[in-house]
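Since every read-out is calculated from the coordinates, none of them should be taken as a lab result. Only a predicted model underlies this, so the values are computations on that prediction, with no experimental measurement involved. Cβ placement follows ideal geometry from the backbone for every residue including glycine, while neighbour counts extend to all protein chains displayed.
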Amino acid sequence: MVKIATWNVNSIKQRELACAEWLRQASPDVLCLQELKCQTPAFPKAVFEDLGYNCAVLGQKGFNGVAILSKFPIDEAIGALPGDATDEQSRYLEAVLSVPGGPAIRVASIYAPNGNPAPSPKFDYKLGWFSRLESHVKGLLAFEEPLILAGDYNIIPRPTDVYNPANWIEDALFRIEARRAFRRVTHLGLTDALMACNSAGGQYTFWDYQAGAWQKDLGLRIDHLLLSADAAKGLVASGVDRKPRGWDKPSDHTPVWAELRLT
DNA sequence: ATGGTAGCTGGGCTA
């Protein structure tokens with residue numbers, strides 16, 4: 001069984017101890033991290049290596065930044081989403097992991113652009129970024145291997161994935177153009193792991209720091225694990241772990257995980 | 001109508 005998870009930590013320096021604690025509690029084989037907010041050399045690798053994880057890191061000064069922690073050996077790490085050589089934002093890291101006794105799996109840690117306000121150049125960047133993701137994933141799916149695209153997509157897929165959808169119609173996370181861009185990716189043949197296991201609404205993964213959103217459970221579901229057919233056929237379970245959102249000095253996101261039996 | 005919080009940074013941007 002392979003357990004894989006994703007967590008936007010909103011600064012790895014601030015969340016180093018929480019991250020280590022969650023790894024001890026949940027012991028995933030793979031954890032994809034987003035919003036490191038640190039440069040690559042400053043990533044606290046030793047903490048995670050001591051817990052038995054290999055680290056692939058794509059940092060950036062101040063913003064963004066993604067990583068893949070893996071108990072399996074990491075091969076072929078690629079730190080860029082193809083399609084725009086001028087894009088300097090660290091939002092995509094892909095690696096092949098050698099799973100002992102099973103097929104190799106390809107994993108991407110994704111931090112899609114927020115895109116607010118909309119419309120604006122930032123929203124255009126978001127739509128362009130999803131268009132690049134669509135093209136790239138189309139190529140990856142031709143490999144017919146277990147592929148897991150895990151991360152913060154900054155997309156609310158359905159009205160039941162936000163506490164008050166009417167208030168979010170104009171927001172870049174819920175605007176119809178953004179949802180369509182996301183759906184064009186999933187319609188290539190990807191399975192939303194959490195939805196495949198339980199399609200009920202209200203399974204939020206993010207709660208704003210402001211206005212007591214966490215205490216009132218006013219959340220969004222924007223962190224997703226998308227699986228290729230070769231990964232989805234082994235899907236056993238998936239869930240949201242709310243505990244870390246309730247810890248002291250939390251990230252505004254909480255981990256999402258899935259368990260796969262791959263053969 | 002506004003501001004409410006957090007993080008990086010050293011003023012303002014991003015979320």
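Between A:Asp50 and A:Ser131, the modelled labels are 4.7 nm apart [label points 7 Å from Cα along Cα→Cβ]. Taking A:Ala85, A:Ala231, A:Ala213 as the candidate residues, the one with maximal mean-square fluctuation in a Gaussian network model of chain A, Cα springs under 10 Å, is A:Ala85. One Cα centroid belongs to segment A:184-216, the other to segment A:233-263; the line between them spans 11 Å. Per-residue extension of 0.36 nm, minus the Cα-Cα distance of A:Gln215 and A:Glu170, leaves a gain of 13.7 nm for this segment.
Go through A:Lys37/A:Lys138; A:Lys37/A:Lys122; A:Lys61/A:Lys122; A:Lys3/A:Lys122 and tell me which ones have a Cα-Cα distance over 26 Å in this structure. Could you put the intermediate results ahead of the total?
Values: A:Lys37/A:Lys138 29 Å; A:Lys37/A:Lys122 19 Å; A:Lys61/A:Lys122 19 Å; A:Lys3/A:Lys122 34 Å.
Too far apart for the 26 Å limit: A:Lys37/A:Lys138; A:Lys3/A:Lys122.
Sorted ascending by nearby beta carbons within 10 Å, beginning with the fewest, A:Trp129, A:Trp214 become A:Trp214, A:Trp129.
What's the long-distance tail for chain A, i.e. % of Cα pairs beyond 32 Å? The partial results should precede the final answer.
Numbers: 4999 of 34453 pairs.
When all Cα pairs of chain A are counted, 15 percent exceed 32 Å.
From least to most packed, judged by other beta carbons within 10 angstrom and beginning with the fewest, A:Leu188, A:Leu58 follow the order A:Leu188, A:Leu58.
Based on the mean of other Cβ atoms within 10 Å per residue, sort peptides A:94-103, A:111-120 so the most packed one is first.
Answer by packing, highest mean first, reads A:111-120, A:94-103.
Label-to-label distance, A:Glu88 versus A:Asp248, with points set 7 angstrom from Cα along the beta-carbon direction: 3.8 nm.
What is the magnitude of the charge dipole of segment A:132-189 about its Cα centre, with +1 placed on the Cβ of each Lys and Arg, -1 on the Cβ of each Asp and Glu, and no other charges, expressed in debye to the nearest 20? Let's see the in-between values first.
Details: 8 positive and 8 negative charges, 42 e Å.
Once rounded to the nearest 20, the dipole reads 200 debye.
Phi angles of segment A:150-164 translate, via the Karplus equation with coefficients 6.51, -1.76, 1.60 and θ = phi - 60°, into HN-Hα couplings of 10, x, 8, 8, 6, 10, 8, x, 9, x, 6, 9, 8, 5, 9 Hz per residue; Gly and Pro are given as x. With the convex hull of its Cα atoms as the shape, segment A:1-100 has an orientation-averaged projected area of 6.4 nm². For A:Asn64, the residues whose modelled amide H falls within less than 5 Å of its own, excluding neighbours fewer than 5 places apart on the same chain, are A:Lys37.
Using just the helices of chain A, give the 222 nm mean residue ellipticity in deg cm²/dmol: DSSP H runs with n ≥ 4 each add -39,500 (n - 2.57), and the total is spread over all residues, rounded to 500.
Numbers: 6 runs with 61 residues, N = 263.
Helices in chain A give a 222 nm mean residue ellipticity of -7000 deg cm²/dmol.
For chain A, the antiparallel share of DSSP beta bridges with both residues in that region comes to about 80%.
Spin-label model, A:Ile78/A:Phe143: points 7 Å from Cα along the beta carbon direction are separated by 0.7 nm. If you place +1 on the Cβ of every Lys and Arg, -1 on the Cβ of every Asp and Glu, and leave all else neutral, what size is the dipole of chain A about its Cα centre, to the nearest 20 Debye? The calculation lands at about 360 debye. Normalised by the number of residues in chain A, the average gap of Cα pairs under 8 Å and 6 or more apart makes the relative contact order 19 percent. Tell me whether segment A:25-161 comes out rounded, prolate or oblate; compute the Cα gyration tensor, take square roots of the eigenvalues as a ≥ b ≥ c, and use a/c under 1.5 as the rounded threshold. Prolate, because a/c is 1.5 or more and a/b exceeds b/c. If the elastic network links every pair of Cα atoms under 10 Å, which of A:Gln89, A:Gln215, A:Gln203 fluctuates the most in the Gaussian network model of chain A? Between A:Gln89, A:Gln215, A:Gln203, it is A:Gln215 that shows the largest mean-square fluctuation.
Straight-line reach only, C-alpha to C-alpha below 20 angstrom: list the aspartates and glutamates that A:Lys216 could link to, leaving out same-chain residues fewer than 8 apart. Reachable aspartates and glutamates: A:Asp161, A:Asp208, A:Asp241, A:Asp248, A:Asp252. List the aspartates and glutamates whose Cα lies under 12 Å from the Cα of A:Lys71, skipping any in the same chain that are fewer than 8 positions away. Candidates past the 8-residue exclusion: A:Asp29, A:Glu49, A:Asp50.
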